[in-house]
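Chemist: This is the structure I want to talk about, given as C-alpha coordinates.
The values are calculated or read from the model by the stated rules, or taken from the named source; none is laboratory data. This one's a predicted model, so the numbers in the text were calculated from it and none came from an experiment. Glycine also receives a Cβ, built like all others from the backbone with ideal geometry; neighbour counts cover every protein chain displayed. Just so you know, the surface numbers come from the protein's heavy atoms only, side chains and all, with ligands and any DNA or RNA stripped out. Shrake-Rupley method; radii C 1.70, N 1.55, O 1.52, S 1.80 Å.
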Amino acid sequence: MIYTMLLFKRVEDLQNHIQQLKDKGHTIGFAPTMGALHSGHLSLIQLSKTQTDYTVCSIFVNPTQFNEQSDLDKYPRTIGADIDLLTSVDNDILFLPAVEEIYPSNTTIRSDFDFGQLEEVMEGAFRPGHFKGMAQVVNRLLEIVQPDKLFMGQKDFQQLTIVRDMLKQTGMKTELVMCPIIREDDGLAKSSRNVRLLPDIRKRAIILSQTLQEAKSKLSAIAIETIEQQAMEALSLPHFKPEYFSIVDGITLQAVENEADHTFIVACTAVWAGDVRLIDNMILKNELADVN
Ligand code: AMP
(Lines give C-alpha, C1' and ligand atoms only; values in the text may rest on other atoms or scores of the structure.)
Protein backbone atom coordinates (compact mmCIF):
# COMPACT_ATOMS: atom_id res chain seq x y z
CA MET A 1 0.00 0.00 0.00
CA ILE A 2 1.32 3.45 -0.86
CA TYR A 3 1.16 5.71 2.17
CA THR A 4 -0.44 9.10 1.70
CA MET A 5 1.00 11.94 3.72
CA LEU A 6 -1.00 15.16 3.87
CA LEU A 7 0.88 18.40 3.30
CA PHE A 8 -0.35 21.74 4.62
CA LYS A 9 1.23 25.09 3.93
CA ARG A 10 -1.39 27.29 5.56
CA VAL A 11 -2.05 27.52 9.31
CA GLU A 12 -5.80 27.64 8.86
CA ASP A 13 -5.96 24.49 6.71
CA LEU A 14 -3.76 22.57 9.11
CA GLN A 15 -5.82 23.66 12.12
CA ASN A 16 -9.09 22.68 10.44
CA HIS A 17 -7.75 19.23 9.69
CA ILE A 18 -6.31 18.71 13.18
CA GLN A 19 -9.60 19.85 14.72
CA GLN A 20 -11.46 17.21 12.71
CA LEU A 21 -9.09 14.52 14.00
CA LYS A 22 -9.49 15.75 17.59
CA ASP A 23 -13.28 15.85 17.24
CA LYS A 24 -13.10 12.14 16.45
CA GLY A 25 -11.14 11.59 19.68
CA HIS A 26 -7.72 11.10 18.09
CA THR A 27 -4.47 12.15 19.79
CA ILE A 28 -1.82 14.24 18.06
CA GLY A 29 1.98 13.93 18.26
CA PHE A 30 4.21 16.70 16.99
CA ALA A 31 7.86 16.82 15.91
CA PRO A 32 9.10 20.30 14.86
CA THR A 33 12.17 20.32 12.60
CA MET A 34 14.16 22.58 10.31
CA GLY A 35 14.33 19.95 7.57
CA ALA A 36 17.42 18.40 5.95
CA LEU A 37 16.07 15.33 7.63
CA HIS A 38 18.10 12.30 8.71
CA SER A 39 17.39 9.23 10.79
CA GLY A 40 17.64 11.28 14.01
CA HIS A 41 14.60 13.29 12.98
CA LEU A 42 12.80 10.18 11.76
CA SER A 43 13.26 8.54 15.16
CA LEU A 44 11.06 11.31 16.61
CA ILE A 45 8.32 10.52 14.09
CA GLN A 46 8.65 6.81 14.75
CA LEU A 47 8.33 7.27 18.49
CA SER A 48 5.39 9.60 18.04
CA LYS A 49 3.63 7.00 15.93
CA THR A 50 3.88 4.46 18.74
CA GLN A 51 2.44 6.90 21.32
CA THR A 52 -0.19 8.95 19.45
CA ASP A 53 -2.82 8.42 16.73
CA TYR A 54 -1.62 11.04 14.23
CA THR A 55 1.83 12.54 13.83
CA VAL A 56 2.51 16.05 12.56
CA CYS A 57 6.03 16.99 11.46
CA SER A 58 6.82 20.60 10.67
CA ILE A 59 9.67 21.80 8.49
CA PHE A 60 10.45 25.46 9.04
CA VAL A 61 13.88 27.05 9.00
CA ASN A 62 13.22 29.65 11.65
CA PRO A 63 15.02 32.92 10.87
CA THR A 64 14.64 34.29 14.43
CA GLN A 65 16.91 31.65 16.00
CA PHE A 66 19.93 32.19 13.76
CA ASN A 67 22.54 34.61 15.10
CA GLU A 68 24.21 35.07 11.76
CA GLN A 69 22.58 35.60 8.39
CA SER A 70 25.33 33.47 6.78
CA ASP A 71 24.43 30.46 8.97
CA LEU A 72 20.78 30.84 7.95
CA ASP A 73 21.75 31.11 4.28
CA LYS A 74 24.01 28.05 4.51
CA TYR A 75 21.42 25.92 6.30
CA PRO A 76 20.78 22.89 4.04
CA ARG A 77 17.35 22.74 2.38
CA THR A 78 16.40 19.37 0.90
CA ILE A 79 12.62 19.37 0.79
CA GLY A 80 12.20 16.70 -1.93
CA ALA A 81 14.34 14.19 -0.06
CA ASP A 82 12.64 15.19 3.22
CA ILE A 83 9.22 14.34 1.82
CA ASP A 84 10.48 10.93 0.65
CA LEU A 85 11.96 10.21 4.09
CA LEU A 86 8.80 11.28 5.92
CA THR A 87 6.71 9.08 3.64
CA SER A 88 9.08 6.14 4.26
CA VAL A 89 8.21 6.23 7.99
CA ASP A 90 4.48 6.81 7.35
CA ASN A 91 4.42 10.32 8.78
CA ASP A 92 0.80 11.46 8.67
CA ILE A 93 0.94 15.23 8.23
CA LEU A 94 3.66 17.60 7.06
CA PHE A 95 3.34 21.28 7.91
CA LEU A 96 5.49 23.35 5.57
CA PRO A 97 4.72 27.01 6.24
CA ALA A 98 6.25 30.06 4.60
CA VAL A 99 7.78 32.67 6.92
CA GLU A 100 4.67 34.92 6.57
CA GLU A 101 2.45 32.11 7.90
CA ILE A 102 4.47 31.84 11.10
CA TYR A 103 5.20 35.55 11.47
CA PRO A 104 2.32 37.41 9.79
CA SER A 105 3.09 41.09 9.46
CA ASN A 106 -0.21 42.16 11.06
CA THR A 107 0.23 40.09 14.25
CA THR A 108 2.71 40.22 17.13
CA ILE A 109 4.09 36.79 17.93
CA ARG A 110 5.07 36.33 21.55
CA SER A 111 8.85 36.42 22.09
CA ASP A 112 9.16 37.75 25.65
CA PHE A 113 10.08 34.54 27.44
CA ASP A 114 12.63 34.74 30.23
CA PHE A 115 14.44 31.51 31.04
CA GLY A 116 16.97 33.04 33.48
CA GLN A 117 20.07 30.93 33.97
CA LEU A 118 18.80 28.23 31.57
CA GLU A 119 19.39 30.50 28.59
CA GLU A 120 22.59 32.13 29.88
CA VAL A 121 24.93 29.14 29.95
CA MET A 122 26.49 26.99 27.21
CA GLU A 123 24.66 27.58 23.90
CA GLY A 124 23.06 30.70 25.38
CA ALA A 125 26.47 32.21 26.15
CA PHE A 126 27.82 31.54 22.66
CA ARG A 127 24.65 32.18 20.63
CA PRO A 128 22.99 35.26 22.15
CA GLY A 129 19.28 35.48 21.37
CA HIS A 130 19.17 31.96 19.93
CA PHE A 131 16.87 30.50 22.59
CA LYS A 132 14.48 33.47 22.54
CA GLY A 133 14.04 32.84 18.81
CA MET A 134 13.71 29.08 19.32
CA ALA A 135 11.13 29.50 22.10
CA GLN A 136 9.21 31.99 19.98
CA VAL A 137 8.83 29.56 17.09
CA VAL A 138 8.18 26.46 19.21
CA ASN A 139 5.50 28.31 21.17
CA ARG A 140 3.92 29.59 17.94
CA LEU A 141 3.97 26.09 16.42
CA LEU A 142 2.50 24.58 19.60
CA GLU A 143 -0.31 27.13 19.57
CA ILE A 144 -1.07 26.16 15.98
CA VAL A 145 -0.82 22.37 16.35
CA GLN A 146 -1.99 22.00 19.99
CA PRO A 147 -0.48 18.51 20.22
CA ASP A 148 -1.00 16.04 23.04
CA LYS A 149 2.69 15.16 22.91
CA LEU A 150 5.75 17.04 21.70
CA PHE A 151 8.72 14.94 20.56
CA MET A 152 12.16 16.56 20.80
CA GLY A 153 15.67 15.17 20.64
CA GLN A 154 18.11 14.88 23.52
CA LYS A 155 20.65 15.95 20.84
CA ASP A 156 19.66 19.56 21.60
CA PHE A 157 19.62 19.08 25.33
CA GLN A 158 19.56 22.71 26.42
CA GLN A 159 16.82 23.47 23.89
CA LEU A 160 14.71 20.66 25.30
CA THR A 161 15.31 21.87 28.87
CA ILE A 162 14.19 25.37 27.90
CA VAL A 163 11.09 24.06 26.13
CA ARG A 164 10.21 22.13 29.31
CA ASP A 165 10.42 25.42 31.20
CA MET A 166 8.41 27.22 28.53
CA LEU A 167 5.61 24.66 28.78
CA LYS A 168 5.52 25.33 32.52
CA GLN A 169 5.41 29.08 31.96
CA THR A 170 2.59 28.92 29.40
CA GLY A 171 0.65 26.25 31.26
CA MET A 172 0.20 24.35 28.02
CA LYS A 173 -1.02 20.80 28.52
CA THR A 174 1.33 19.25 25.95
CA GLU A 175 3.57 16.46 27.27
CA LEU A 176 7.24 16.72 26.31
CA VAL A 177 8.96 13.47 25.27
CA MET A 178 12.77 13.35 25.14
CA CYS A 179 14.00 11.12 22.30
CA PRO A 180 17.48 9.53 22.49
CA ILE A 181 20.39 10.75 20.33
CA ILE A 182 20.77 8.86 17.07
CA ARG A 183 24.42 8.48 16.08
CA GLU A 184 26.46 7.47 13.03
CA ASP A 185 28.21 4.07 13.29
CA ASP A 186 31.39 5.72 14.58
CA GLY A 187 29.52 7.66 17.29
CA LEU A 188 29.13 11.09 15.68
CA ALA A 189 25.67 12.44 16.54
CA LYS A 190 23.57 12.76 13.39
CA SER A 191 23.12 16.37 12.37
CA SER A 192 21.99 18.23 9.27
CA ARG A 193 25.30 20.08 9.47
CA ASN A 194 27.46 16.91 9.18
CA VAL A 195 27.29 16.97 5.36
CA ARG A 196 29.37 20.15 5.46
CA LEU A 197 32.31 18.47 7.25
CA LEU A 198 35.40 18.00 5.10
CA PRO A 199 36.42 14.29 4.87
CA ASP A 200 39.47 14.51 7.16
CA ILE A 201 37.56 16.55 9.74
CA ARG A 202 34.56 14.23 9.50
CA LYS A 203 36.81 11.25 10.37
CA ARG A 204 38.22 12.98 13.43
CA ALA A 205 34.82 14.31 14.58
CA ILE A 206 34.38 11.08 16.55
CA ILE A 207 36.43 12.90 19.20
CA LEU A 208 33.19 14.48 20.52
CA SER A 209 31.41 11.26 21.43
CA GLN A 210 34.69 9.68 22.58
CA THR A 211 35.36 12.58 24.95
CA LEU A 212 31.82 12.45 26.33
CA GLN A 213 32.17 8.71 26.89
CA GLU A 214 35.49 9.28 28.61
CA ALA A 215 33.88 11.86 30.92
CA LYS A 216 31.17 9.37 31.82
CA SER A 217 33.73 6.74 32.78
CA LYS A 218 35.61 9.24 34.99
CA LEU A 219 32.56 10.79 36.69
CA SER A 220 32.86 9.38 40.18
CA ALA A 221 36.65 8.96 40.08
CA ILE A 222 38.00 12.42 39.25
CA ALA A 223 37.09 16.01 40.19
CA ILE A 224 34.50 17.45 37.77
CA GLU A 225 36.66 20.47 36.98
CA THR A 226 39.54 18.19 36.00
CA ILE A 227 37.29 16.10 33.76
CA GLU A 228 36.14 19.28 32.01
CA GLN A 229 39.72 20.54 31.56
CA GLN A 230 40.93 17.20 30.19
CA ALA A 231 37.97 17.11 27.81
CA MET A 232 38.74 20.61 26.47
CA GLU A 233 42.33 19.46 25.83
CA ALA A 234 41.22 16.24 24.12
CA LEU A 235 38.86 18.21 21.86
CA SER A 236 41.56 20.68 20.79
CA LEU A 237 42.71 18.69 17.74
CA PRO A 238 44.15 20.56 14.75
CA HIS A 239 41.28 22.51 13.07
CA PHE A 240 39.03 21.74 16.06
CA LYS A 241 38.09 24.46 18.52
CA PRO A 242 35.98 23.51 21.54
CA GLU A 243 33.76 26.34 22.86
CA TYR A 244 32.72 24.60 26.05
CA PHE A 245 32.61 21.22 27.73
CA SER A 246 30.28 21.57 30.71
CA ILE A 247 29.08 19.01 33.21
CA VAL A 248 25.73 20.29 34.44
CA ASP A 249 22.64 19.39 36.38
CA GLY A 250 20.21 18.03 33.78
CA ILE A 251 17.26 20.10 35.03
CA THR A 252 18.74 23.41 36.22
CA LEU A 253 21.79 23.41 33.89
CA GLN A 254 23.83 24.68 36.87
CA ALA A 255 27.47 23.58 36.99
CA VAL A 256 27.94 20.39 38.98
CA GLU A 257 30.61 20.56 41.64
CA ASN A 258 29.94 17.37 43.52
CA GLU A 259 28.51 14.42 41.63
CA ALA A 260 26.84 12.97 44.73
CA ASP A 261 24.63 16.08 45.13
CA HIS A 262 22.80 15.52 41.83
CA THR A 263 20.50 12.80 40.50
CA PHE A 264 20.60 13.83 36.84
CA ILE A 265 23.93 14.91 35.31
CA VAL A 266 24.66 15.69 31.67
CA ALA A 267 27.88 16.62 29.89
CA CYS A 268 27.34 19.07 27.01
CA THR A 269 29.82 20.30 24.45
CA ALA A 270 30.07 22.55 21.39
CA VAL A 271 33.05 22.32 19.07
CA TRP A 272 34.01 24.05 15.84
CA ALA A 273 35.16 21.31 13.47
CA GLY A 274 36.64 23.33 10.63
CA ASP A 275 33.89 25.85 9.84
CA VAL A 276 31.07 23.64 11.13
CA ARG A 277 29.81 24.03 14.66
CA LEU A 278 28.89 20.69 16.24
CA ILE A 279 27.07 20.09 19.51
CA ASP A 280 26.72 16.85 21.44
CA ASN A 281 25.95 15.66 24.95
CA MET A 282 25.75 12.56 27.07
CA ILE A 283 23.79 11.70 30.19
CA LEU A 284 26.42 10.82 32.77
CA LYS A 285 24.04 9.95 35.59
CA ASN A 286 20.27 9.58 35.73
CA GLU A 287 18.48 8.49 38.87
CA LEU A 288 15.23 10.31 38.03
CA ALA A 289 12.09 8.24 37.63
CA ASP A 290 11.03 10.28 34.60
CA VAL A 291 13.14 12.98 32.98
CA ASN A 292 10.13 14.58 31.29
P1 AMP B 1 16.51 20.40 13.91
O2 AMP B 1 15.92 20.13 12.56
O3 AMP B 1 17.98 20.31 13.93
O4 AMP B 1 15.95 21.65 14.54
O5 AMP B 1 16.02 19.22 14.83
C6 AMP B 1 14.67 18.91 14.98
C7 AMP B 1 14.51 17.92 16.10
O8 AMP B 1 15.23 16.74 15.79
C9 AMP B 1 15.04 18.44 17.43
O10 AMP B 1 14.15 18.04 18.48
C11 AMP B 1 16.37 17.74 17.54
O12 AMP B 1 16.82 17.58 18.87
C13 AMP B 1 16.05 16.41 16.90
N14 AMP B 1 17.30 15.77 16.45
C15 AMP B 1 18.25 16.32 15.65
N16 AMP B 1 19.28 15.46 15.51
C17 AMP B 1 18.99 14.36 16.24
C18 AMP B 1 19.67 13.14 16.51
N19 AMP B 1 20.86 12.89 16.02
N20 AMP B 1 19.05 12.23 17.30
C21 AMP B 1 17.81 12.49 17.84
N22 AMP B 1 17.13 13.63 17.62
C23 AMP B 1 17.71 14.55 16.84
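Chemist: Does Ser43 satisfy being in the same structural domain as Val138 (by TED's automatic domain parsing), near the ligand (Cβ under 8 Å from one of its atoms) and surrounded by fewer than 19 Cβ atoms within 10 Å (Cβ to Cβ)? Before you say what the answer is, go through the steps one by one.
Modeler: Numbers: in the same structural domain as Val138 (by TED's automatic domain parsing): yes; near the ligand (Cβ under 8 Å from one of its atoms): yes; surrounded by fewer than 19 Cβ atoms within 10 Å (Cβ to Cβ): no.
Criteria not met by Ser43.
Chemist: Looking at the stretch 261-292 only, could you name the residues that are closer than 21 Å to Ile224 by Cα and free of Cβ contacts under 8 Å to residues at least 40 places away in the same chain?
Modeler: Applying the first criterion (closer than 21 Å to Ile224 by Cα) to the stretch 261-292 yields 261-271, 279-288.
Those that are closer than 21 Å to Ile224 by Cα and free of Cβ contacts under 8 Å to residues at least 40 places away in the same chain: Asp261, His262, Thr263, Phe264, Asn286, Glu287, Leu288.
Chemist: Looking only at the stretch 167-197, filter to residues that are of a type in the set (Lys, Arg) and part of a loop (DSSP other than H, G, I, E, B); which one of those is nearest to the ligand (Cβ to nearest atom)?
Modeler: Narrowing the stretch 167-197 to residues of a type in the set (Lys, Arg): 168, 173, 183, 190, 193, 196.
Narrowing the set further to residues that are part of a loop (DSSP other than H, G, I, E, B) leaves 173, 190.
Values: Lys173: 19, Lys190: 4 Å.
By that ranking, first place goes to Lys190.
Chemist: Residue by residue through the stretch 55-101, note down the ones that are basic (Lys, Arg) and touching a residue at least 60 places away in the same chain (Cβ under 8 Å). Outline the logic, then answer.
Modeler: The first filter runs over the stretch 55-101 and keeps only residues basic (Lys, Arg), leaving 74, 77.
Once the filter is applied, which keeps residues that are basic (Lys, Arg) and touching a residue at least 60 places away in the same chain (Cβ under 8 Å), the stretch 55-101 yields only Lys74.
Chemist: Here's a follow-up. Determine if the stretch 81-98 includes at least one residue that is open to solvent by 30 Å² or more (accessible area, probe 1.4 Å), more than 13 Å from the ligand (Cβ to nearest atom) and at positive phi. Don't jump to the end; show me each part of the working.
Modeler: Here is the first cut: in the stretch 81-98, the residues open to solvent by 30 Å² or more (accessible area, probe 1.4 Å) are 81, 83-85, 87-88, 90, 96, 98.
Checking the rest, the ones that are also more than 13 Å from the ligand (Cβ to nearest atom) come to 81, 83-84, 87-88, 90, 96, 98.
Add one more test, that the residue is at positive phi, and what stays is 90.
Yes, there is a match, as at least one residue in the stretch 81-98 is open to solvent by 30 Å² or more (accessible area, probe 1.4 Å), more than 13 Å from the ligand (Cβ to nearest atom) and at positive phi.
Chemist: Let me ask another. From Ile201, Ile162, Ile109, Ile144, which residue is away from the ligand (no atom under 16 Å from the Cβ), assigned by TED's automatic domain parsing to the domain that holds Lys22, assigned to a helix (DSSP H, G or I) and open to solvent by less than 40 Å² (accessible area, probe 1.4 Å)?
Modeler: Numbers: Ile201 fails: assigned by TED's automatic domain parsing to the domain that holds Lys22; Ile162 fails: away from the ligand (no atom under 16 Å from the Cβ); Ile109 fails: assigned to a helix (DSSP H, G or I).
Checking each option against the conditions leaves just Ile144.
Chemist: Which count do you get for residues in the stretch 44-76 that are out of contact with any Phe, Trp or Tyr (no Cβ under 7 Å at 6 or more places or on another chain), among the polar types (S, T, N, Q) and assigned to a helix (DSSP H, G or I)?
Modeler: 7
Chemist: Any idea how many residues of the stretch 120-141 are touching a strand residue (DSSP E or B) at 6+ places or on another chain (Cβ under 9 Å), open to solvent by less than 40 Å² (accessible area, probe 1.4 Å) and in a helix (DSSP H, G or I)?
Modeler: So the count comes out to 4.
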